[in-house]
1. Considering only residues that are of a type in the set (Ser, Thr, Tyr) and touching a helix residue (DSSP H, G or I) at 6+ places or on another chain (Cβ under 8 Å), which ones fall in region 34-49?
2. Just to be sure I understand the filter: pairs with C-beta atoms under 8 Å, separated by 6 or more residues or on different chains, first member in region 19-41 and touching a residue at least 12 places away in the same chain (Cβ under 8 Å), second member assigned to a loop (DSSP other than H, G, I, E, B) and not small (Gly, Ala, Ser). Which pairs pass?
3. Within region 1-49, take every residue that is small (Gly, Ala, Ser), at pLDDT below 95 and at negative phi and give me the one that is surrounded by the most Cβ atoms within 10 Å (Cβ to Cβ).
4. In region 50-72, what count of residues is obtained for those that are of a type in the set (A, V, I, L, M), loosely packed, with under 12 Cβ neighbours inside 10 Å and part of a helix (DSSP H, G or I)?
5. Does Arg24 count as in contact with a Phe, Trp or Tyr (Cβ under 7 Å, 6 or more places away or on another chain) and in a helix (DSSP H, G or I)?
Amino acid sequence: MSRVGKCIDNGPMEGFWGILKRERYYGKRYFSRDSLVKMIEDYIEYYNNRRLQRKLGVLTPREKYEQYMAAA
């Protein structure tokens, strides 16, 4: 997650894991490691490609990235 000596990387990742736990983990039970890993993989795909975010102008991270690359 974070590079050595670059603690600024930690904040966004802590925020992401907090959102994941709040939206998909708390209140649920996972009976196998595989089902938990699958949930995390599915959530990362959802977060990047379908979850709208106000801080990005009501776009998904993928849409914002594509806008950025088109402008570069």
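The values are calculated or read from the model by the stated rules, or taken from the named source; none is laboratory data. This is a predicted model, so every value here is computed, not measured. Because the Cβ atoms are built from the backbone with ideal geometry, glycine has one as well, and the counts that use them run over all protein chains shown.
1. Within region 34-49, the first condition is being of a type in the set (Ser, Thr, Tyr), and the residues that meet it are 35, 43, 46-47.
Correct list: Tyr43, Tyr47.
2. Within 8 Å, the pairs are Met39/Tyr30.
3. Step by step, filter region 1-49, then rank; the result is Ser2.
4. Qualifying residue count for the region: 3.
5. Working: in contact with a Phe, Trp or Tyr (Cβ under 7 Å, 6 or more places away or on another chain): yes; in a helix (DSSP H, G or I): yes.
So Arg24 fits the description; yes.
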